[in-house]
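**Q** Before I ask anything, here is the structure I am working with.
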Amino acid sequence: MMDAFTANWHTHTFRCKHATGDAPDYARQATQAGMKTLGFADHMPTPDARWRSVRMDADELADYRAAVALAGRLYPDLRIFCGLECEYLPEWHAYYTDELTGRQRVDYLILGAHGFPVAGEWVSTFSRQRANDPRLLYAYADYVIDSLATGLFRLLAHPDVFGFFYDVWDDDTAVIARDIAQAARAAGVPLEINAYGLRKPPVQTPCGWRPAYPWTPFWEVAADAGAVAVINSDTHAPADLTGAVDQAFALARQSGIRVIMPLDLDARNWA
Ligand SMILES: [Zn+2]
Ligand SMILES: [Zn+2]
């Protein structure tokens, strides 16, 4: 039997400059796919316009919220939420609380570690410049764990994205997988099996070709640690709304991780 993909909490819009379509386009697609819940989580604007080439500007937030609200009016059978996918910087803490979920009334924040600090320098998760350096693995894990501990985030996007810059599953990957899964469990935050990783070109490693992420052994460790998962398509185009989610469900079954579908962000029904 096919698993029902009824909710996606990770949907982008054209505002991030590397996606197409606006909220109503995704809502139409969700309705056609028989989905019940659509959560938008476009890349957060930054208070200092940092990384603005891959995200909306702060003054586009109102337009983003209006587009999501319009999608809700056009497709009233869908439960629609307006969130943001965020990097976390401690110096911006008040920006998340006072501005994003405060004044702008954004419904939820996802943590997406597209970069992380290493000895004071911000390193892109999607750079292979220092690939296979275990210090990067531990810096990534520290960043994710510290960010989750703030309590700001309701989901952890692609926790195994380190598979992009680390090729071989070894003792170090096993340690950080367990640490991240335990931190997520302690924070009551589900881990995302990210189907976008399955739609991207695979990476070549000494052990053969594999998706950069999701990385199956991560999910075996996470299952052992008692973490739970949610499957999202991380869609950047309306036609990709359900792309590769069947593969993501298969990966979940194979690794033994429990998938919460549909996830109710407020009920915390995975506890
Ligand atoms: Zn993106
Ligand atoms: Zn995303």
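No lab work stands behind these numbers, since they all come straight from the coordinates. Bear in mind the structure is a predicted one, so any value in this text is a computation, not a measurement. Note: ideal-geometry Cβ built from the backbone for every residue, glycine included; neighbour counts use all protein chains shown.
**Q** Check residue 145 against each of (1) touching an Asp or Glu at 6+ places or on another chain (Cβ under 7 Å); (2) surrounded by 24 or more Cβ atoms within 10 Å (Cβ to Cβ) and name the one condition it does not meet.
**A** The failed condition is (2).
This table checks each residue for (1) within 19 Å of residue 114 (Cα to Cα); (2) touching a residue at least 12 places away in the same chain (Cβ under 8 Å); (3) within 16 Å of ligand 2 (Cβ to nearest atom).
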{"position": "40", "(1), (2), (3)": "yes, yes, yes"}
{"position": "47", "(1), (2), (3)": "yes, yes, no"}
{"position": "60", "(1), (2), (3)": "no, yes, no"}
{"position": "70", "(1), (2), (3)": "no, yes, no"}
{"position": "86", "(1), (2), (3)": "yes, yes, yes"}
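**Q** Considering each of 36, 17 in turn, give the residue that is surrounded by fewer than 24 Cβ atoms within 10 Å (Cβ to Cβ) and either in contact with a Pro (Cβ under 7 Å, 6 or more places away or on another chain) or hydroxyl-bearing (Ser, Thr, Tyr) (or both).
**A** One residue alone meets the criteria, 36.
**Q** Another question about this same structure. When the residues of segment 72-81 are narrowed to those that are touching a residue at least 40 places away in the same chain (Cβ under 8 Å), not aromatic (Phe, Trp, Tyr) and not in a helix (DSSP H, G or I), which ends up farthest from residue 154 (Cα to Cα)?
**A** Restricting to residues being touching a residue at least 40 places away in the same chain (Cβ under 8 Å), not aromatic (Phe, Trp, Tyr) and not in a helix (DSSP H, G or I), the top hit is 77.
**Q** Across segment 10-41, what is the total count of residues that are within 11 Å of ligand 1 (Cβ to nearest atom) and either of a type in the set (Ser, Thr, Tyr) or assigned to a loop (DSSP other than H, G, I, E, B) (or both)?
**A** Within segment 10-41, residues that are within 11 Å of ligand 1 (Cβ to nearest atom) and either of a type in the set (Ser, Thr, Tyr) or assigned to a loop (DSSP other than H, G, I, E, B) (or both) number 6.
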